[in-house]
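Enquirer: One structure, as structure tokens, below. Some questions next.
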Amino acid sequence: MENGKAVKGATKRKADEFSNPFLTQEVKIHSSPAQAVFENGYEKCDSALRSLSVVLPAVLKSDNEVMTVNGAVDHLINNAFVNLRNESARLKKIAEDNGIEIGRVNYTNVTAYQAKITCNKSGQYLQMIRELDRLMELVHSTWLAGFIADDAKGALERQWRRKTLGVSAEITAILARAFSAAQRIKHDAQAESELAATESPAEVAVEAPKKKTRKTKTQTPDSAEAVASSLADNAGLAERATKEDGLVAQ
């Protein structure tokens, strides 16, 4: 009997504790703006992206709904990469036009971080932080060569730090909206079910002649359309996040 209980208890604990995969990667970050983004945004972004990748599909249970959410996230990340690289190209052009030789700038406090990657898109955000670090090296090289003023250097540091952190915040917002939409769908479905269960045969008979004229009022909306409507503004999240303060410095 004791052995039987022990086996039963072990099986239950194993079922309750799911083993999730993750990868730990060391990343060296040179500039203070990129270090601030990693310290304040990476873990939050990784957690939100994992929920979008693993948890949300089980909640929504619809490929169309999941595609809507993932499309908004992909657009946000891709647009941020484009803008970072465009700004790097702009600074390289300034350097070339003015004969500035851009080498690797030395930093006084290079920091090595252990980044925990729990889903595929987390690696993309980590790469975005690396892109920001390389952009800051260009900013500092051009500043040290005398072609960027002090105030312009500071403005660029704040601008790109804020924008890269903004990607993490927007991804978290997409996750919250998706779960909120899923909860509304579940609540509406339960309300419809309870209403149908409480209707008496007499009430149904009285309402039967009017059913055709009221059909559009009692029809339950498709869950995928409800989520898509709730997340419709997410397709343009990247443009709003990156255009509010002039993402690409002129």
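The values are calculated or read from the model by the stated rules, or taken from the named source; none is laboratory data. Just so we're clear, the structure is a prediction, and the values are computed from it rather than from any experiment. Don't worry about glycine lacking a Cβ; one is built from the backbone with ideal geometry, like all the others, and counts go over all protein chains shown.
Conditions tested, residue by residue: (1) surrounded by fewer than 19 Cβ atoms within 10 Å (Cβ to Cβ); (2) at pLDDT 95 or above.
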| site | (1), (2) |
| --- | --- |
| 129 | no, yes |
| 148 | no, no |
| 155 | yes, yes |
| 172 | yes, no |
| 175 | no, no |
| 208 | yes, no |
| 211 | yes, no |
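Enquirer: Residues 82, 66, 73: which one is under 26 Å from residue 36 (Cβ atoms), without any contact (Cβ under 8 Å) to a residue 60 or more places away in the chain and surrounded by 13 or more Cβ atoms within 10 Å (Cβ to Cβ)?
Expert: That would be 82, the only listed residue that is under 26 Å from residue 36 (Cβ atoms), without any contact (Cβ under 8 Å) to a residue 60 or more places away in the chain and surrounded by 13 or more Cβ atoms within 10 Å (Cβ to Cβ).
Enquirer: Residues being in a helix (DSSP H, G or I) and over 32 Å from the mean Cα position of the chain (by Cα): count how many of those fall in the stretch 91-119.
Expert: Summing the residues that are in a helix (DSSP H, G or I) and over 32 Å from the mean Cα position of the chain (by Cα) in the stretch 91-119 gives 4.
Enquirer: How many of the residues making up the stretch 87-122 are in contact (Cβ under 8 Å) with a residue 60 or more places away in the chain and not β-branched (Val, Ile, Thr)?
Expert: Total meeting the criteria: 13.
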